[in-house]
Amino acid sequence: KIMVTGALGQIGSELVEKLRDLYGSDRVIATDIKASPEGSSGPYEVLDVTNGLLMYDIANRYEADTIIHLAALLSATSEERPLQAWQLNIGGLMNALEVSRSLGCQLFTPSSIAAFGPTTTKEHTPQDTIQRPNSLYGVSKVSGELLCDYYYHKFGLDTRGLRFPGLISYVTPPGGGTTDYVVEMYIESVARGAYTSYLSPGTFMDMMYMPDALNAIVSLMEADGSKLKHRNAFNVSAMSIDPEMIAEAIRKHIPDFKVDYKPDPLRQAIADSWPDSIDSGASIEEWGFQVHYDLDKMTSEMLAHLAVKGNR
Ligand code: VAH
């Protein structure tokens, strides 16, 4: 059985459905801090991941052998509420590590390009390189990578993780990230044909369409562990783009789409501290990472789905 925390979040809300399609609804226990809004397509439990005892009780009761730990505050929110972010991001992860260790579960938890900082090489950032992030979220991501490595080396816990780029999806609204401007731009281009970007032109970051991210999680978790040289922080990316490139891709469908720029100092500083493009070579080599969506394919899918959603 697989227990997912943060199941109502940007990754969780789509990953739970994918896992239930793959492995059967009753084998995937979705949990989040709020009650499931419209009922769930399978087992659902309310869980605040800072409550380790409750996390243990749910994982034990459902006989979980895998935990996908997604509950966390993202970069912009974490910068506004650093103490709460630390307690949730690291407190929650420590609980997931301890529950996994007690019950012998395989554990997946995501890291992020945010785990790199301003002194890291910005272009084709290597898998193994300096990590001195200067955002609270980035500090929590590097700490998470190190904690998961520690539990692997010290207790033999089968921990695995991916350094995600910005993830783009039409299913859930943006939730306090820095890369969420891409989701907002798609939504606004359909809703009103214009968007004011909080990041300036030329702000390049790695991005990935959600289906590629979900496939990466499943591929990594199903990979032969003996072949993994890395564990908890595989670089994965599909594209390196900036606001102008997305606007151009959108204009192929909405010709008079207009973008203007009003940089938000907090999120511009976070974005500027991150790499422009990371190297996914280790993921390709060690567990066959693949990308199916480039900017144009992602754009046509996003706009098609948002147009339908908008008309509902
Ligand atoms: C954020 N979407 O913007 C998340 C992610 C790489 C970015 O960590 O905070």
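The values are calculated or read from the model by the stated rules, or taken from the named source; none is laboratory data. Quantities reported herein were computed from a predicted structural model and do not represent experimental measurements. Heads up, the Cβs are rebuilt from the backbone with ideal geometry, glycines too, and the neighbour counts pull from every protein chain shown. These area figures cover heavy atoms from the full protein model, side chains too; ligands, DNA and RNA do not enter into them. Shrake-Rupley method; radii C 1.70, N 1.55, O 1.52, S 1.80 Å.
Here is how the number arises for the chain: DSSP H runs of 4 or more residues each give -39500 (n - 2.57), the sum is divided by the residue count, and the result at 222 nm is -14000 deg cm²/dmol.
Between residue 134 and residue 222, residue separation times 0.36 nm minus the direct Cα-Cα distance comes to 28.3 nm.
Each Lys and Arg adds +1 at its Cβ and each Asp and Glu adds -1 at its Cβ; summed about the Cα centre, the chain shows a dipole of about 340 debye. Rounded to the nearest 20 debye, the dipole size of the stretch 56-140 about its Cα centre is 160 debye, using +1 on the Cβ of Lys and Arg and -1 on the Cβ of Asp and Glu.
Size estimate for the chain follows the Kirkwood approach: the inverse of mean 1/r over distinct Cα pairs works out to 19.7 Å. Suppose we keep just the DSSP beta bridges with both residues in the chain; what percent of those would be antiparallel, to 5? Here the share of antiparallel DSSP bridges comes out near 10 percent. Ligands, DNA and RNA left out, the 1.4 Å accessible surface of the stretch 1-143 is 52% carbon and sulfur atoms. Subtracting the Cα-Cα distance of residue 245 and residue 25 from 0.36 nm times their residue separation leaves 75.3 nm of extension gain. Over 23 Å between Cα atoms: which of 18/309; 18/122; 18/258; 122/252; 154/227; 18/297 fall into that group? Violating the 23 Å limit, Cα to Cα: 18/122; 18/258; 122/252. Converting phi to 3J(HN,Hα) with the Karplus coefficients 6.51, -1.76 and 1.60 and the offset θ = phi - 60°, the stretch 253-269 yields 10, 10, x, 9, 5, 10, 10, 10, 10, 9, x, 8, x, 4, 7, 5, 5 Hz in sequence order, with x at every glycine or proline. Surface exposure of the chain, expressed per residue as accessible area with a 1.4 Å probe, stands at 42 Å².
Each peptide in 297-306, 135-144 gets a packing score, the mean of other Cβ atoms within 10 Å over its residues, and the list from highest to lowest is 135-144, 297-306.
In a fully extended conformation the segment linking residue 84 and residue 256 would gain 57.7 nm over its present Cα-Cα distance, using 0.36 nm per residue. Stokes-Einstein, applied to the Kirkwood radius of the stretch 199-245 over Cα pairs at a viscosity of 1.002 mPa s and 20 °C, places its translational diffusion at 169 µm² s⁻¹.
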